[in-house]
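The values are calculated or read from the model by the stated rules, or taken from the named source; none is laboratory data. Predicted model, so just to flag it, every value in this text is computed and none were measured. Here the Cβ positions follow ideal geometry from the backbone for every residue, glycine too, while neighbour counts run over all protein chains shown.
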Amino acid sequence: MDLDFILAKGPIFLAAAQLTVTVAFFGILLSAVVGLLCAVVKFYRWPVAHRLVSAYIELARNTPLMVQLFFLYFGLPRLGFIWEGQTCAILGLTFLGGGYMAEAFRGGLSAVGKDQVEAGLSIGLNRFQLLRYVIVPQALAVSLPAISATTIFLMKETSVFSIVALPDLMYVAKDLLKEGHSSETNTLLVASYLAVILPISLIFAWLERRLRFAGFGS
């Protein structure tokens, strides 16, 4: 193990990790917003919108992120839409994650009891207020384990961002492997992903314990 190589290339991996986390943050945040909106549409079963959302979820969940990124980065320019790699990565992760987040939120929304909805209606809450104050808070608590698993899954999926020429962790690792230091490069790669994903896992575990202690999601 060449420690000098690891120390010399460490800053490169740090910069790549920062880029990976930044892109993943926006992609996962947007996917949560898309997923919640889709789950609400499915929850209320609005006729046309329900069918469109169902089709989107199936398409997002049954196509690999690499294929989606390939279409965004190489296919859309033929139609006149040219986006840089970072934009394609965020949009691709949002598209993929939105489908998984929708199912996670849908499970939480379905778990909210009808008595909770009826109680909200009985005190004069409108549909938006019912969602904001009654349904969504309880659904989030129930959905948290699925949201946690989806977030970690999406973080791992960032490893294919290199297909859109984004200098993320995998891109840097592939480039350094050409220098022949495979053991050191793989060690840096594994350590980088572990440093990024492990804190996320611990934070979600802490949130789940807090919610169980508070009586949510039980």
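Going residue by residue through the range 146-165, is there one that turns out to be touching a residue at least 60 places away in the same chain (Cβ under 8 Å), surrounded by fewer than 20 Cβ atoms within 10 Å (Cβ to Cβ), assigned to a helix (DSSP H, G or I) and among the small types (G, A, S)? Checked the range 146-165: at least one residue is touching a residue at least 60 places away in the same chain (Cβ under 8 Å), surrounded by fewer than 20 Cβ atoms within 10 Å (Cβ to Cβ), assigned to a helix (DSSP H, G or I) and among the small types (G, A, S).
Answer yes or no as to whether I152 is at pLDDT 90 or above, in contact with a Phe, Trp or Tyr (Cβ under 7 Å, 6 or more places away or on another chain) and farther than 19 Å from A39 by Cα. So I152 fails the test.
Within the option set E208, E157, being of a type outside the set (S, T, N, Q) and under 30 Å from Q86 (Cα atoms) holds for one residue only, E157. I'd like to verify a number: residues in the range 30-56 that are more than 23 Å from Q138 (Cα to Cα) and not small (G, A, S), how many? Within the range 30-56, residues that are more than 23 Å from Q138 (Cα to Cα) and not small (G, A, S) number 5.
Screening the range 124-145 for residues that are among the polar types (S, T, N, Q) and in a helix (DSSP H, G or I) and picking the one that is surrounded by the fewest Cβ atoms within 10 Å (Cβ to Cβ) gives Q129.
Within the range 1-18, residues that are buried (at least 17 other Cβ atoms within 10 Å of the Cβ) sit with their Cβ atoms under 8 Å from residues that are outside any helix (DSSP H, G or I) and among the acidic types (D, E), at 6+ positions apart or across chains, in these pairs: A16/D168. Considering only the range 146-164, I want to know if a residue exists there that is β-branched (V, I, T) and over 22 Å from G97 (Cα atoms). Checked against the condition, which is being β-branched (V, I, T) and over 22 Å from G97 (Cα atoms), the range 146-164 yields no hits at all.
Among the helices (runs of 4 or more DSSP H) confined to the range 19-121, the ones with at least 1 residues that are within 21 Å of M170 (Cβ to Cβ) and without any contact (Cβ under 8 Å) to a residue 12 or more places away in the chain are located at 65-70, 85-111. Might you let me know whether the range 30-53 holds any residue that is out of contact with any Gly (no Cβ under 9 Å at 6 or more places or on another chain), closer than 22 Å to L166 by Cα and modelled with pLDDT of 90 or more? No, that holds for no residue. Here I6 meets the list (1) assigned to a helix (DSSP H, G or I); (2) out of contact with any Asp or Glu (no Cβ under 6 Å at 6 or more places or on another chain) almost entirely, failing just condition (2).
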